[in-house]
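A short write-up of the structure that comes next.
The values are calculated or read from the model by the stated rules, or taken from the named source; none is laboratory data. As the structure is a computational prediction, the values presented were derived from the model and not from experiment. Positions of Cβ are backbone-derived with ideal geometry, glycine not excepted, and every protein chain shown enters the neighbour counts.
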């Protein structure tokens, strides 16, 4: 298993996180407020945003929603997706996101993606500066390869700190994290908050039903990311299997992701509370090893890191 982080008052991080990417975009303040309340009622205390989400409107909305019970919440934000991982850009973007959140400190600050043009020593030194000044509690990384995480971990250890949490893509149709990332995080005691457990909505089955909205339709990156025939076949199989178990495909998909042996914390999201509920239901779904194996068999298992197929 990976590491368990805690809030300021010692509350353990929840098994699911809520991602605020829709706030201020497809989810207005009213919808965001309803989803936040539903998430809190389900026991979620981990909320994830980023400096660029909907031109900062996601931060503005989240900041208004977290004023009560702040000490039991874990608020995570991300910088460096645009502009690189240099000190100046990190500090500028962190000031922007923290100001919009109206917070003295955030619990987790992620570097949103690897920057090959900036020394990791400079990047990690900047994060340590923020950590030592008390404006961030935990250091996170997102969208890194395993070897890149380990380089960052080495740079952090030299400065007397560590990488606390990592955010990879992980779903039934995107399983590359199983090869090295999840084992590495378990070995290094790095918490995992995995994103896109529904495969951009593919695993809800809505696109097979002729859905005309959603990221696979409106976002070219997502369309390309999931433009593989077997993935769409897996989504159709997920609908049938979920029906057999008397549940929703989204529930089964999120429960499958959260029950990997390393216990990642999937980041769920939605446009409204009705769309969110099937993902929240994963918290109470009885995912047995037998059911998880049955779900796993519906997708392509990634090859081992050594590419020795006989070891599968």
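A few comments on the model shown:
- Single match in 134, 200 (criterion: at pLDDT below 95 and either outside any helix (DSSP H, G or I) or within 28 Å of residue 253 (Cα to Cα) (or both)): 200
- Each residue in the range 243-278 was checked for being touching a residue at least 12 places away in the same chain (Cβ under 8 Å), crowded, with 17+ Cβ neighbours inside 10 Å and in a helix (DSSP H, G or I), and 13 pass.
- Among the conditions (1) in contact with a strand residue (DSSP E or B) (Cβ under 6 Å, 6 or more places away or on another chain); (2) not in a helix (DSSP H, G or I), residue 116 misses just one, which is (1).
- When restricted to residues that are more than 23 Å from residue 281 (Cβ to Cβ), in a loop (DSSP other than H, G, I, E, B) and at pLDDT 95 or above, the range 37-53 contains 3.
- Considered as a group, the residues in the range 8-36 that are free of Cβ contacts under 8 Å to residues at least 12 places away in the same chain and not in a strand (DSSP E or B) include one that is surrounded by the most Cβ atoms within 10 Å (Cβ to Cβ), and that residue is 28.
- Residue among 225, 215 that alone is at negative phi, crowded, with 17+ Cβ neighbours inside 10 Å, free of Cβ contacts under 8 Å to residues at least 60 places away in the same chain and in contact with a strand residue (DSSP E or B) (Cβ under 9 Å, 6 or more places away or on another chain): 225
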